[in-house]
Every structure is written in C-alpha cells, then in structure tokens.
Amino acid sequence: ILVEFSMGVSRFPEDSLVYNEIVMYADLALYTVKNTGKSNFAFFTNQMSEHLKEKIQIKAIIQDAIENDGFKMLYQPKICLTSGEIVGYEALIRLKEINVSPAMFIPIAEENNFIISIGRIVTNQVILQMANWRALGIKLKPVSINFSAIQFQDIDYIDYLTDCLNQNNISPNLIEIELTERVLMENKEQAIVLMNKLRKLGIGISMDDFGSEYSSLNYISDLPLDVLKFDRELNLKLLSLDDDTVIMKLIEFIKSLKLEIVAEGIEEYSQVTKLKNSGCNIVQGYYFSRPVEPEEILSLNDKIYKI
C-alpha cells in the first residue's frame, strides 16, 4: 500500500509564541504544498503570511463590491478579418473604485464561492447594458460572458439568465457563454449538460483559451460548441513559425467542424495579416481595441477597421 502525504510545518518559537498562530501557519504551509503538486512538505515563511494578508484584504474587497455595487463591465470588440466590422464583444469584469486585477480577485472569488454571486452580477449588468444600448439606438451585437467552473454549483443559473433576457427583451442569440478548456475537461459531463440546455435556448457556446491547457483536438467534435477561441500564447507560438502550414491546417480542420474561430491577444499588424491569410475569421486584441467603457460603444459600434 502506497501512502502519500502533504505536510505543512511551522516552528515554535521561531514563527510564533501563540498556539493558534502556530496551527494557522502550519495550515498555510500545507495549503502552499497542495497548490504546488501535493505529496511534499513546506516550512512556513513570512512571504506566506504576507500572501495570506493580501488574500484576506482582497476577499473583503470582493465581498464589499458584491454588496455595494462595486463591479463594472468593460467590453472588448471582436473584429471580422473580412469586413473590418465589429461582430461582437467580450464582457470583462472590473472593480469600480479599486485597482485590483481580475487575475488576482477572480481566483480568490472562486476559492470562496463569491464567483456564483459575481456570475449573476455580470449576467445582469451585461443584459441591462444591452437594453440601454438598444434604447440609445445602438445596433446590438453578440456579447460573450465568461463562465467559471464553480458556477456549475449555481443550479438555477440558466433560469436566472432566462429571466434577465425576458425582462429586458433581449434575444438569447445575442448572448454567448465562454467556458475555458480546463472547465470543459474537468467537468465534462456537467459542461455538456449545461451547453446543451443553453444551445436549446439559442445561446452560443464558446471554448475560451484553447491551447492553454490540453491542446488536444480529440474531444472538440464531441462538444456542442459554436466558437473556438485561440489562446494568446497559442497564437504567439503558431504565428512565430516561419512556415504558415501548421496554423492554416489547424484552422482548416476546425472550420471543417463547423466552428467559428476567434484569435485572442492580437497586438501587431503582422499577426493580423498572417491570421487573415491563414483563414481565421475573427480577432480580438489590443491591436484593434482595448476593453472599453460601455459609453464608448456609442461611437465605436459602427466603426470599420482597416485590415
């Protein structure tokens, strides 16, 4: 029988003279081990304590933002490489008053199940914003919303989404749900059930960050997808190759599955031209536009970009 273990170690009196703190520090060291591969041990360090304090502060910020309308949405355009038109947007959450990156607060929100409330806040804000745009005479284009693995615990999410759409008279085909490759692979059965329910409503399904984790094409044909989003790092790898054959063949194969392709993180014109020549449909990135405030969509929505 093979027995494996993870161990966190704190020391008396070096780390603390207080019993409860010694136990807390050992637990924090154990948590560090579990996050870095398990089956190992670690001694408590002051850096762990500082990291814990930062996490506690961010947790409090998130809780306050949930309770006091502290989140806002930015929207990053997706550009068609054939026409130069904006064909949709990705909704990206930000804190209103405090400059903490989503890369920092989203993982902490997931650890504490705050992401379920945040997911509903995002959904509601996006759909309300679309209704506001329509009232201003702006032609509505599809908006994608990111979906976390923890949100599978929100069993009434689809009902909530449907109610938001109905109350604001927004067509389901104007909403796209983005699930990451990791979420799809680690929760495959749950994901497929959710995806099928969403597609029956007319909502689009996108696999986000393709190539960042598993980079496998074997399972794509089994999933009820509409869009495949190439991860920025995958784009950089493929676009740095001297021979364009690899990216052309990859795009050709994905198109044969009747999927639309979006390339993320595009920042240079040379990347745009190579993607266009390789048959990519749509790009998203700083070369065309950073994420913008909702008010900027009024002047941006009908813009035709030079490709």
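The values are calculated or read from the model by the stated rules, or taken from the named source; none is laboratory data. What you see is a predicted model, and the numbers here were worked out from it, not measured in a lab. Heads up, the Cβs are rebuilt from the backbone with ideal geometry, glycines too, and the neighbour counts pull from every protein chain shown. Protein only, heavy atoms only, side chains kept; ligands, DNA and RNA dropped before computing areas. Shrake-Rupley method; radii C 1.70, N 1.55, O 1.52, S 1.80 Å.
With R₀ fixed at 35 Å, the C-beta to C-beta distance from Val3 to Glu268 puts the FRET efficiency at about 0.10. As a size descriptor, the averaged projected area of the C-alpha convex hull of segment 166-307 was calculated at 9.8 nm². Listed by chain and number, the aspartates and glutamates whose alpha-carbon sits under 20 Å from that of Lys258, ignoring those within fewer than 8 places in the same chain, are Glu176, Glu178, Glu181, Asp208, Asp209, Asp222, Asp226, Asp231.
Helix 188-201 axis versus longest C-alpha principal axis of the chain: approximately 40°, rounded to the nearest ten. By DSSP, the beta bridges lying fully in the chain are antiparallel in about 35 percent of cases. A simple spin-label model places the labels of Ala131 and Ser117 2.2 nm from each other, with each point 7 Å out along Cα-to-Cβ.
With respect to the cross-link table entries Lys72/Lys197; Lys59/Lys229; Lys249/Lys274; Lys34/Lys55; Lys78/Lys229; Lys229/Lys249, which display a Cα-Cα separation exceeding 20 Å? Kindly include the intermediate steps, with their values, before the conclusion.
Numbers: Lys72/Lys197 28 Å; Lys59/Lys229 30 Å; Lys249/Lys274 13 Å; Lys34/Lys55 17 Å; Lys78/Lys229 11 Å; Lys229/Lys249 16 Å.
From Lys72/Lys197; Lys59/Lys229; Lys249/Lys274; Lys34/Lys55; Lys78/Lys229; Lys229/Lys249, over 20 Å: Lys72/Lys197; Lys59/Lys229.
Label zone (Val292, point 7 Å along Cα-to-C-beta; backbone nitrogen cut-off 20 Å) within segment 251-278: 263-269, 272.
What does the convex hull of the Cα atoms come to per residue for the chain, in Å³?
On the way: hull volume 55.5 nm³, N = 307.
So the per-residue Cα hull volume is 181 Å³.
Can you give the extra length, in nm with one decimal, that the chain gains between Glu252 and Glu14 once fully stretched, where that is 0.36 nm per residue apart less the Cα-Cα distance?
Details: separation 238, 0.36 × 238 = 85.68 nm, distance 6.11 nm.
Full-extension gain reported as 79.6 nm.
Across segment 30-176, C-alpha contacts under 8 Å between residues 6 or more apart give a mean separation that, scaled by the residue count, equals a relative contact order of 20 percent. Approximating the spin labels as points 7 Å out from Cα along Cα→Cβ, the Ile56-to-Asp244 distance works out to 5.6 nm. Among the GluC sites (Glu not before Pro) in segment 192-266, those located in a DSSP loop and surrounded by at most 16 other Cβ atoms within 10 Å of their own Cβ are Glu213.
Between Thr162 and Ile307, the FRET efficiency from the beta-carbon distance, with R0 = 51 Å, is close to 0.85. Averaged over its residues, segment 129-172 has an accessible area of 49 Å² per residue, based on protein heavy atoms and a 1.4 Å probe. Its Cα centre serving as origin, the chain has a Cβ charge dipole (Lys and Arg +1, Asp and Glu -1) of approximately 740 debye. In terms of its C-alpha gyration tensor, segment 104-209 comes out prolate, because a/c is 1.5 or above and the ratio a/b outweighs b/c. Per residue, the convex hull spanned by the alpha carbons of segment 1-80 comes to 197 Å³.
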